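What follows is calculated from the coordinates using simple rules that are stated; it is not laboratory data. Bear in mind that the values here come from a model prediction, so they are computed numbers and not experimental data. FYI the Cβ positions are ideal-geometry reconstructions off the backbone, even for glycines, and counts take in every protein chain you see.
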Amino acid sequence: AKDRATSGIVGGFNIERNISLPFLKRMSGFGIMKRRAERSIARRQIDELAIVCRSEKDELSALSGGNQQKVMVGRWMSQDAKLFILDEPFQGVDISARRDIAAKLRASADGRATLLFVTELDEALETADRILVMSEQTIVGEHRNEDIDLERLLAEVAGGPLHSAA
């Protein structure tokens, strides 16, 4: 997700093909694509992620950055996986797209672990149940979102020691 334009999407392909691309073997039988299944999966992701487009046949290059990112996330969410690892899934998207993606991740979280790597604190606070703060390849803090100590979290993110008012 860090650089969807060069490593994640195929701009000349439509939404349908971009979603199915990594799973061609699963979506074909005897070397023939199951177009109905491909279309159905794409339409479901368009609906669930509120992707703004005319149809699943729209080329990805015609979509906004936020909608391209939704297609990228939808690609992986269309498959049954026990673990998702998403690196900067909200990069380059507006707040509305970020909320759509976060809501979809949370709504589909049962039976799956999702690791999000984000650099923006508000993204972590809005999306995560548990937040790990890393500095120089080391975990320096762990927080549960329901009882977060924001002062401690901010100190860990800043890399400095926590100063108490004692």
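How large is the charge dipole for segment 1-144, taken about the Cα centre, if only the Cβ atoms of Lys, Arg (+1) and Asp, Glu (-1) carry charge, to the nearest 20 debye?
Values: 23 positive and 21 negative charges, 190 e Å.
Taking the Cα centre of segment 1-144 as origin, the dipole is about 920 debye.
Each residue of segment 52-59 was assigned a 3J(HN,Hα) from its phi angle through the Karplus curve 6.51 cos²θ - 1.76 cosθ + 1.60 (θ = phi - 60°); the sequence is 7, 7, 7, 6, 5, 8, 5, 5 Hz, with glycine and proline shown as x. Take every Cα pair under 8 Å whose residues are at least 6 apart in sequence, average their separation, divide by the length of the chain, and the relative contact order is 18 percent. Specify whether the C-alpha gyration tensor of segment 4-117 places it in the rounded, prolate or oblate class, a ≥ b ≥ c being the square roots of the eigenvalues: rounded for a/c under 1.5, otherwise prolate if a/b is larger than b/c and oblate if not. In terms of gyration-tensor shape, oblate.
When the chain is treated as a GNM with alpha-carbon contacts under 10 Å, the residue of Ile131, Ile19, Ile148 showing the greatest mean-square fluctuation is Ile148. Could you name the lysines in cross-link range of Lys82, using Cα to Cα under 18 Å and dropping any fewer than eight places away on the same chain? Straight-line reach from Lys82, under 18 Å: Lys104. Legend: calculated FRET efficiency, Arg39 to Arg99, from the Cβ-Cβ distance at R0 = 35 Å, rounded to 0.05, equals 0.85.
Within straight-line reach of Lys70, meaning a Cα separation under 12 Å, sit the following aspartates and glutamates at least 8 residues removed in sequence or on another chain: Asp47, Glu48, Asp94, Asp100.
Fully extending the segment from Thr138 to Phe30 would add 34.1 nm, taking 0.36 nm per residue of separation and subtracting the current Cα-Cα distance.
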